[in-house]
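Taking it in order: structure first as structure tokens, then the write-up.
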Amino acid sequence: MKTDFLKKRAQEFTRDAELAIKERRWNSAAFHLEQVCQLLLKHYLFLKWKDFPKTHSLRELLIELKRAYTKNKRKIEKFIKENEHTIGDLEQAYITSRYLPVEFNEKQVKEMERFKNKLLALLKKL
């Protein structure tokens with residue numbers, strides 16, 4: 001299995017998120033940003049293990065990342081702790097943006113976008 005498809009899909013969801021933000025569709029943007037983060041984490045886990053966990057939980061994927069990249073364990077732990085609230089919002093976006101009457105706002109989505117950028121920077125340093 002090639003790993004490039006995960007990275008390519010993350011790029012596609014990034015473009016979708018950018019468009020949703022531009023159009024002020026906060027729920028859609030939140031969902032797309034969650035997908036970007038999930039796919040990026042799975043991509044980096046696949047690079048290390050040639051497989052990835054079949055979970056949708058960003059928190060679980062970050063814990064697996066910590067197991068996979070043991071040299072960066074403390075850096076990943078710090079990242080999780082510093083971004084706990086946004087991780088929770090993104091996990092909530094996976095379900096609620098589609099099925100429940102929860103509304104995300106511009107501030108939350110902008111923070112999710114910042115998180116996505118910080119995650120990408122972290123992953124590139126692994």
Helices from the chain with mean Kyte-Doolittle at least -1.0 and a Cα length along the axis of 18 Å or more, per DSSP H: which?
-> 4-22, 26-49, 84-99, 106-124
Positive-pole candidate from Leu40, Leu126, Tyr94, dipole of the chain, charges at beta carbon | Leu126
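Subtract the Cα-Cα distance of Gln92 and Lys22 from 0.36 nm times their separation in residues, and report this length gain in nm to one decimal.
Working: separation 70, 0.36 × 70 = 25.20 nm, distance 2.17 nm.
Between Gln92 and Lys22, full extension yields an extra 23.0 nm.
Within a 10 angstrom radius of the beta carbon, how do His32, His43, His56 rank from fewest other beta carbons to most? Write out the running numbers ahead of the final one.
On the way: His32 26, His43 19, His56 14.
Neighbour counts put them in this order, fewest first: His56, His43, His32.
Taking a threshold of 20 Å on the Cα-Cα distance, which of the pairs Lys8/Lys54; Lys54/Lys124; Lys71/Lys110; Lys75/Lys116; Lys50/Lys75; Lys71/Lys125 fall above it? Present the calculation step by step, with values, prior to reporting the outcome.
Working: Lys8/Lys54 18 Å; Lys54/Lys124 22 Å; Lys71/Lys110 30 Å; Lys75/Lys116 16 Å; Lys50/Lys75 23 Å; Lys71/Lys125 11 Å.
From the list (Lys8/Lys54; Lys54/Lys124; Lys71/Lys110; Lys75/Lys116; Lys50/Lys75; Lys71/Lys125), the Cα-Cα distance tops 20 Å for Lys54/Lys124; Lys71/Lys110; Lys50/Lys75.
Is the chain rounded, prolate or oblate when judged by the Cα gyration tensor, a ≥ b ≥ c being the square roots of its eigenvalues, rounded requiring a/c under 1.5 and prolate requiring a/b larger than b/c?
Numbers: a/c = 1.87, a/b = 1.50, b/c = 1.25.
Because a/c hits 1.5 or more and a/b exceeds b/c, the chain counts as prolate.
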First select every other residue whose beta carbon is under 12 angstrom from the beta carbon of Lys118; then total the charges, Lys and Arg +1, Asp and Glu -1.
-> +3
Please identify the longest segment of the chain free of exposed GluC sites (Glu not before Pro), where exposed means a DSSP state other than H, G, I, E or B and no more than 13 other Cβ atoms within 10 Å.
-> 24-102
With a sphere of radius 14 Å drawn around the Cβ of Thr96, what net charge do the other residues whose Cβ falls strictly inside it have (Lys, Arg +1; Asp, Glu -1)?
-> -3
Looking only at the range 95-126, which residues have a backbone nitrogen under 18 Å from a spot 7 Å from the Cα of Leu47 in the C-beta direction?
-> 116-126
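Bear in mind these aren't lab numbers, they're just calculated from the coordinates by the rules spelled out. Quick caveat: nothing in here was measured; it's all calculated off a predicted structure. As a convention, Cβ positions derive from the backbone with ideal geometry for all residues, glycine included, and neighbour counts pool all protein chains shown.
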